[in-house]
Amino acid sequence: MAFFKKKKSSDLSELTLPEHIGIIMDGNGRWAKKRMLPRSAGHSAGSKVFRTIARYCSDIGIKYLTVYAFSTENWKRPADEVTSLMKLFKDYLEEALRDFKDDSIVVRFIGDKSHFNKELQELMVENEESSKDRDGMVLNIAMNYGSRDELVRAVKSIAQDVKDDKLSVDDIDEQAVSDRLYTAHQPDPDLIIRPSGEYRISNFMLWQAAYTEFVIMNKLWPDFTTDDLDEAIRLYNQRNRRFGGV
Ligand code: IPE
Ligand code: IPE
Ligand code: MG
């Protein structure tokens, strides 16, 4: 059972911390629209909130944080929106390399990197490489991530191993699938938070979320605060997780 290392915006010291939190960072476009701003302004505001919340989760002692930043379906968006998102990713990746040298956070990317331009791919690999020996929170940034795509890859990998006589059909079990996901060897998320009030999972961690607690919040992501994160943890603490038992 993990407890808070630090007291932050409110006293949550008596609560059990989720070991792994997932966040579907949604609502940037609506936030911008409400202010008559371009959608890119919403993404820019959302990226600042991402920095704040990632830091906060690390400070309070969360072990794994997975943020959904760009889905396999988000390429469908207008080209100028995709371009502005790629620019924000690049800015963040450069900033992380330049300014977070002494950080304890381990940065991982989940998703198919091969669709990004070469510069972004290199920045992602550099961020992973330079942070891999740290001992702090694991931050999974889901970029070009889709859970169905992830599962198809796992199935292909299993099929290949069977074909190569490395695995027998009888040995295919849940662990064999888990071990082939981007999140291999990480605990499943205990809590997934979706701001923006949408009651759907949008292709995020379909396998890993089998027994995850969901907290839907009506705030749009750029308005999300550390108090909202605390509130989600408080709500999580009120849940009775049974995992199919009694
Ligand atoms: C989330 O905000 C960011 C991405 C999906 C990249 P949206 O852009 O989906 O914002 P809404 O849902 O349109 O408000
Ligand atoms: C999910 O949000 C993906 C991210 C937050 C990156 P979307 O805005 O793409 O999901 P839908 O279209 O509302 O389901
Ligand atoms: Mg959305």
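FYI, it's all coordinate maths here, none of it is from the lab. Everything numeric here is computed off the predicted structure, so don't read it as measured data. FYI the Cβ positions are ideal-geometry reconstructions off the backbone, even for glycines, and counts take in every protein chain you see.
Determine which member of the set ILE216, ILE193 is within 14 Å of ligand 2 (Cβ to nearest atom), within 15 Å of the chain's Cα centre (by Cα) and under 26 Å from ALA41 (Cα atoms). I'd like the intermediate steps shown before the answer.
On the way: ILE216 fails: within 15 Å of the chain's Cα centre (by Cα).
Unique residue meeting the criteria: ILE193.
If you check SER178, SER168, which single one turns out to be surrounded by 13 or more Cβ atoms within 10 Å (Cβ to Cβ) and farther than 28 Å from LYS76 by Cα?
SER178
Residue-wise test of (1) touching a strand residue (DSSP E or B) at 6+ places or on another chain (Cβ under 9 Å); (2) away from ligand 2 (no atom under 13 Å from the Cβ); (3) of a type outside the set (S, T, N, Q).
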position	(1), (2), (3)
LYS63	yes, yes, yes
THR66	yes, no, no
THR72	yes, no, no
TRP75	yes, no, yes
ASP99	no, yes, yes
ASP103	no, yes, yes
GLY111	yes, no, yes
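Looking at the stretch 25-78, which of the residues that are touching a His at 6+ places or on another chain (Cβ under 9 Å) and within 15 Å of ligand 3 (Cβ to nearest atom) is nearest to PHE109 (Cα to Cα)? Write out each step before concluding.
Going through the stretch 25-78, the residues touching a His at 6+ places or on another chain (Cβ under 9 Å) turn out to be 28-29, 32, 62-66, 72, 75.
Now narrow it down to the ones that are within 15 Å of ligand 3 (Cβ to nearest atom): 28-29, 32, 72, 75.
Values: ASN28: 21, GLY29: 23, ALA32: 27, THR72: 14, TRP75: 17 Å.
The qualifying residue nearest to PHE109 (Cα to Cα) is THR72.
Can you tell me which residue is nearest to ILE141 (Cα to Cα) among those in the stretch 12-28 that are in contact with a Phe, Trp or Tyr (Cβ under 7 Å, 6 or more places away or on another chain) and polar (S, T, N, Q)?
ASN28
If you scan the stretch 44-58, which residues turn out to be over 15 Å from LYS219 (Cα atoms) and either outside any helix (DSSP H, G or I) or within 13 Å of ligand 2 (Cβ to nearest atom) (or both)? Show your work before the answer.
Kept after step one, since they are over 15 Å from LYS219 (Cα atoms), are these residues of the stretch 44-58: 44, 47-48, 51-52, 54-58.
Within the stretch 44-58, just SER47 meets the criteria.
Please specify each residue of the stretch 17-32 satisfying the condition of being more than 13 Å from ligand 2 (Cβ to nearest atom) and surrounded by fewer than 21 Cβ atoms within 10 Å (Cβ to Cβ).
GLU19
Every residue, every condition in (1) touching a residue at least 12 places away in the same chain (Cβ under 8 Å); (2) over 21 Å from the mean Cα position of the chain (by Cα); (3) within 14 Å of ligand 1 (Cβ to nearest atom), yes or no:
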| residue | (1), (2), (3) |
| --- | --- |
| LEU12 | yes, yes, no |
| ILE21 | yes, no, no |
| ALA32 | yes, yes, yes |
| THR52 | yes, no, no |
| ARG55 | no, no, no |
| THR66 | yes, no, no |
| PRO78 | no, yes, yes |
| MET86 | yes, no, yes |
| ALA96 | yes, no, no |
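Does ASP26 satisfy being within 10 Å of ligand 1 (Cβ to nearest atom) and not aromatic (Phe, Trp, Tyr)? Full working, then the answer.
Numbers: within 10 Å of ligand 1 (Cβ to nearest atom): yes; not aromatic (Phe, Trp, Tyr): yes.
Spelling it out, ASP26 is indeed within 10 Å of ligand 1 (Cβ to nearest atom) and not aromatic (Phe, Trp, Tyr).
Looking only at residues in the stretch 79-107 that are under 15 Å from ALA41 (Cα atoms) and more than 16 Å from ligand 3 (Cβ to nearest atom), which one is surrounded by the most Cβ atoms within 10 Å (Cβ to Cβ)?
PHE89
Conditions first: (1) surrounded by fewer than 17 Cβ atoms within 10 Å (Cβ to Cβ); (2) assigned to a loop (DSSP other than H, G, I, E, B); (3) hydroxyl-bearing (Ser, Thr, Tyr). SER114 passes all but one, so which condition is the exception?
(2)
Let me spell it out: the conditions are (1) in a loop (DSSP other than H, G, I, E, B); (2) closer than 21 Å to LEU120 by Cα, and THR83 meets all of them except one. Which number is the exception?
(1)
Return only the number of the condition from (1) touching a Gly at 6+ places or on another chain (Cβ under 7 Å); (2) part of a helix (DSSP H, G or I) that LEU17 does not satisfy.
It is condition (2) that LEU17 fails.
Answer yes or no: is there a residue in the stretch 220-227 that is within 16 Å of ligand 1 (Cβ to nearest atom) and under 20 Å from ARG148 (Cα atoms). Let's see the steps before the verdict.
Applying the first criterion (within 16 Å of ligand 1 (Cβ to nearest atom)) to the stretch 220-227 yields 220-224.
Subset that is under 20 Å from ARG148 (Cα atoms): none.
No, the stretch 220-227 has no match at all.
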